[in-house]
Amino acid sequence: MSSGSSIKFKTRFANPFVPNARMIALEAGTYRLSLDEEENEGLQFSAFRRTRTHLEIPATATRIDTRQRLSVFAGHRNCLPKNVSTGE
């Protein structure tokens with residue numbers, strides 16, 4: 001049975017960005033990202049594969065009780081800062 005993990009961190013966008021073609025631009029700011037991974041079994045060493053990436057909106061500075069999580073797909077990598085990859 002494979003084990004999974006979730007990594008959560010904040011990342012800063014210096015400029016407004018569009019997560020996908022169906023959305024309006026989101027404001028620059030700090031956003032929460034959550035990366036889900038699962039362990040690749042059958043190897044002689046530990047390795048993980050990224051299975052899902054979520055971007056939480058709105059930005060963390062926005063005072064609001066309800067937040068939405070957007071799935072970020074490999075084809076939408078260009079909206080993420082260069083130090084974040086989404087896996088495939």
Inset, instruction - Hey, can you tell me all the residues within region 14-50 that are within 27 Å of Gly4 (Cβ to Cβ) and surrounded by 14 or more Cβ atoms within 10 Å (Cβ to Cβ)? - result: Pro19, Tyr31, Arg32, Leu33, Ser34, Leu35, Asp36, Glu37, Glu38, Glu39, Phe48, Arg50
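Any idea how many residues of region 7-22 are part of a loop (DSSP other than H, G, I, E, B) and either among the acidic types (Asp, Glu) or touching a residue at least 24 places away in the same chain (Cβ under 8 Å) (or both)?
So the count comes out to 3.
For region 19-47, enumerate the residues that are hydrophobic (A, V, I, L, M, F, W, C) and modelled with pLDDT of 85 or more.
Those that are hydrophobic (A, V, I, L, M, F, W, C) and modelled with pLDDT of 85 or more: Ala25, Leu26, Ala28, Leu33, Leu35, Leu43, Phe45, Ala47.
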Inset, instruction - For Arg63, work out the one condition from (1) in a strand (DSSP E or B); (2) surrounded by fewer than 13 Cβ atoms within 10 Å (Cβ to Cβ) it doesn't fulfil. - result: (1)
Legend entry - Test set (1) closer than 16 Å to Leu70 by Cβ; (2) in a loop (DSSP other than H, G, I, E, B) - Arg32 fails condition number: (2)
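The values are calculated or read from the model by the stated rules, or taken from the named source; none is laboratory data. Keep in mind the model is a prediction, meaning the values are calculated, not measured. Counting neighbours? That spans all protein chains shown, and the Cβs are built from the backbone with ideal geometry, glycine included.
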